[in-house]
Structure formats: structure tokens, C-alpha cells
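Written below as C-alpha cells is the structure these notes are about.
The values are calculated or read from the model by the stated rules, or taken from the named source; none is laboratory data. It should be emphasised that the depicted structure is a prediction, and the values quoted were computed from it without experimental measurement. A quick note on method: Cβ atoms are made from the backbone with ideal geometry, for glycine too, and the neighbour counts reach across all protein chains shown.
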């Protein structure tokens, strides 16, 4: 929430989480687990089950906003 905002609108050093509904949960799991660009990896912070739950949740944020982020 600190980095990406409560609703995925973007926050402190975190880009908006927009258009993630277009990606599969496994892809989002990989980003959270391994990190991407300036986002750090969280595989050592959260369990695989927690990361999957987070991934499923963030995919529901801003579903109607087209993906303008490069991934």
C-alpha cells in the first residue's frame, strides 16, 4: 500500500497498478517474487501462498484502466 497506494493508484516510488487484470496471476506472482525494474523481490519476505494472494488481489485493482506500463 505504501508504494502503490490503497487502490493501486501509485504512491511513494511505486507506479500505478493499472491493467494488471490483463496479465495472468502467475505473471504477477513472478513480478512480486523476483522483482522487476525498480521493484524489489519479495520471495524472501512473503510465503508463496501470500504472494499468490497478493497477486490475485492486485489484479482486481483498476481493471478498466488500460495497461500503459511496460513490463
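Structure values in brief
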read-out	value
Criterion (out of contact with any helix residue (DSSP H, G or I) (no Cβ under 7 Å at 6 or more places or on another chain), surrounded by 14 or more Cβ atoms within 10 Å (Cβ to Cβ) and at pLDDT 80 or above) met by exactly one of 49, 55, 30, 38	30
Qualifying positions in the range 49-63 - in a helix (DSSP H, G or I) and farther than 11 Å from residue 29 by Cβ	57
